[in-house]
Amino acid sequence: MTIKDIARMSGVGVATVSRVLNNHPDVSEETRRKVMAVVAEQGFQPNNNARHLKQQTSASVALIVKGTMNMLFADLVERCQQLLQDAGQDATVYYLDEDANEVAYAVQLCRERKPLGILFLGGDRELFHSGFQDIHIPCVLLTNIAGDLGFDNLSSVTTDDKEAARQAVHFLAKRGHRHIGMLGGNWSCFQIGHSRFLGCVQACEELNLPFDGERQCEPCRYSLPDGYAAAKRLLARCPELTAIFAVSDVTAMGAVRALQDLGKRVPEDISVMGYDGIALADYFVPRLTTIRQDTQQLAEQGVDLLLRSLQRHCAPVHTVVPFQLIPGESVTPPRASAKPT
């Protein structure tokens with residue numbers, strides 16, 4: 001199997017496959033997904049790049065970032081790089097598509113570039129469960145929990161996503177909202193979106209709010225355009241909604257634009273709440289009400305766990321950092337005339 005075969009099976013040029021395999025940014029996400037799907041399916045190893053890759057094997061820590069449009073991860077990357085630099089460690093960042101197999105990529109990375117350790121920013125626990133046994137260097141998973149996976153070289157630092165989502169729905173309900181939609185994420189039981197979904201369900205049960213997951217939830221990727229399109233689908237299916245809880249701030253921002261294009265005012269006609277607490281949320285119009293994840297603690301604890309594991313063999317540690325609910329301008333009580341009967 002060569003990159004010519006991958007190009008033929010992907011329906012793209014050889015040069016494009018090469019750019020994808022070398023993580024060049026000048027490739028569309030759709031093309032990148034298409035090529036990486038064939039690579040994963042065929043178990044392709046780009047040995048023709050081996051000499052170049054081996055030249056980069058050094059005392060370097062790898063940061064594998066799941067998703068190219070997740071602004072929370074952009075903040076985490078910057079913080080992690082600075083902390084590693086302060087500790088005298090070089091770091092190399094690898095960006096993957098949101099739907100890519102980060103564990104398979106890490107296995108390949110270990111073979112060819114031999115990093116000292118890996119920080120995973122985001123990850124699918126199912127992929128770790130099925131493939132992480134082939135990785136033998138210290139690793140830390142940020143923003144998802146790995147305690148029950150049982151690997152002695154994998155620690156994790158995350159937010160209590162279920163409880164945060166539960167508090168978000170309670171916040172909306174206290175402001176008079178009874179018909180609440182959930183937007184964004186992947187509902188697979190191994191994804192962080194599932195934890196937020198469970199928190200939403202729990203809150204609705206506690207508050208005796210109507211909740212039909214198939215009608216009131218619309219999954220989508222973590223991006224502005226996907227949030228925009230998903231919000232339109234959700235509102236077309238559930239016009240009675242007075243509030244939307246989006247599982248990321250970028251999804252919420254896309255939703256706000258979609259609602260405005262539909263002639264809806266935010267928050268006068270419909271409220272929108274986000275999740276992550278990225279810096280842009282403070283400058284968005286309207287300023288987003290959101291759940292703020294503590295990226296400083298996530299980065300500090302994640303890097304500290306990795307450095308300790310690099311210096312000496314340590315038992316894995318799995319910790320949860322606190323979150324904050326940040327009121328903004330995007331949530332108000334529903335208008336009396338807008339309340340469904």
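Compared with the dominant principal axis of the Cα atoms in the chain, helix 71-86 is inclined by about 40°.
For the chain, the longest principal axis of the alpha carbon atoms and the long axis of helix 29-42 meet at an angle near 50°. Rounded to the nearest 10 degrees, the angle from helix 192-207 to the longest Cα principal axis of the chain is 20 degrees. The longest stretch of the chain left intact once loop-based trypsin sites (Lys or Arg not before Pro) with at most 15 other Cβ atoms within 10 Å are removed from consideration, loops following DSSP, is 1-264. Net length available on complete extension from N208 to S130 is 24.3 nm, with 0.36 nm assigned per residue and the Cα-Cα distance removed. Label sites at R111 and A37, each approximated as a point 7 angstrom past Cα along Cα to Cβ, lie 2.3 nm apart.
In this structure the amide hydrogen of S60, modeled in the peptide plane, comes within under 5 Å of the amide hydrogens of L116, none closer than 5 places in sequence on its chain. For the range 183-259, the direction-averaged projected area of the alpha-carbon convex hull comes to 4.6 nm². Treating each Cα of the range 171-225 as one equal point scatterer and applying the Debye formula with no solvent, the log10 of I(q)/I(0) at q = 0.13, 0.19, 0.28, 0.30 Å⁻¹ comes out as -0.33, -0.67, -1.17, -1.25. In the chain, the DSSP-assigned H stretches of four residues or longer account for a calculated mean residue ellipticity at 222 nm of -13500 deg cm²/dmol, using -39500 (n - 2.57) per stretch and the full residue count as denominator. Seen from Q167, the other residues with C-beta closer than 14 Å to its C-beta sum to a net charge of +2, counting Lys and Arg as +1 and Asp and Glu as -1. Expressed as a whole percent, the accessible surface of the range 185-341 that belongs to carbon and sulfur atoms is 53, based on a 1.4 Å probe. What the chain shows is 44 Å² of accessible area per residue, with the surface traced by a 1.4 Å probe over protein heavy atoms.
Bridge orientation summary for the range 214-341: considering DSSP beta bridges with both residues in this region, about 35 percent are antiparallel. For the chain, give the share of DSSP beta bridges that are antiparallel, in percent and rounded to the nearest 5; count only bridges with both residues there. If I count the DSSP bridges inside the chain, around 10 percent turn out antiparallel. In order along the range 250-258, the phi-based Karplus estimate (6.51 cos²θ - 1.76 cosθ + 1.60, θ = phi - 60°) of 3J(HN,Hα) comes to 5, 5, 4, 5, x, 5, 4, 5, 5 Hz; Gly and Pro are listed as x.
How far apart, in nanometres, would the label points at R312 and L262 be if each is projected 7 angstrom from Cα along the Cα-to-Cβ direction? For R312 paired with L262, the spin-label model returns 5.7 nm. Derived scalar couplings between HN and Hα for the range 275-282 equal 7, 2, x, 5, 4, 4, 4, 6 Hz in order, rounded to whole Hz, by the Karplus curve 6.51 cos²θ - 1.76 cosθ + 1.60 (θ = phi - 60°), x for Gly and Pro. Along each principal axis, taking the top coordinate minus the bottom one, the Cα set of the chain gives 68, 46, 33 Å in descending order. The count of lysine pairs in the chain that are at least 8 places apart or cross chains, and whose C-alpha atoms lie under 23 Å apart, stands at 12.
Of the three principal axes defined by the Cα atoms of the range 53-159, the extents in descending order read 32, 29, 24 Å. If you take all other residues with their beta carbon under 11 Å from the beta carbon of L241, and give Lys and Arg +1 and Asp and Glu -1, the sum is +1. Scattering from the range 84-223 was approximated by placing one identical point on each alpha carbon and applying the Debye formula without solvent; log10 I(q)/I(0) at 0.08, 0.09, 0.14, 0.18 1/Å stands at -0.29, -0.36, -0.73, -1.01.
The values are calculated or read from the model by the stated rules, or taken from the named source; none is laboratory data. If you're wondering where the values come from, they're calculated on a predicted model, not measured in any experiment. Don't worry about glycine lacking a Cβ; one is built from the backbone with ideal geometry, like all the others, and counts go over all protein chains shown. Please note that ligands, DNA and RNA were not included when accessible areas were found on the heavy atoms of the full protein model with its side chains. Shrake-Rupley method; radii C 1.70, N 1.55, O 1.52, S 1.80 Å.
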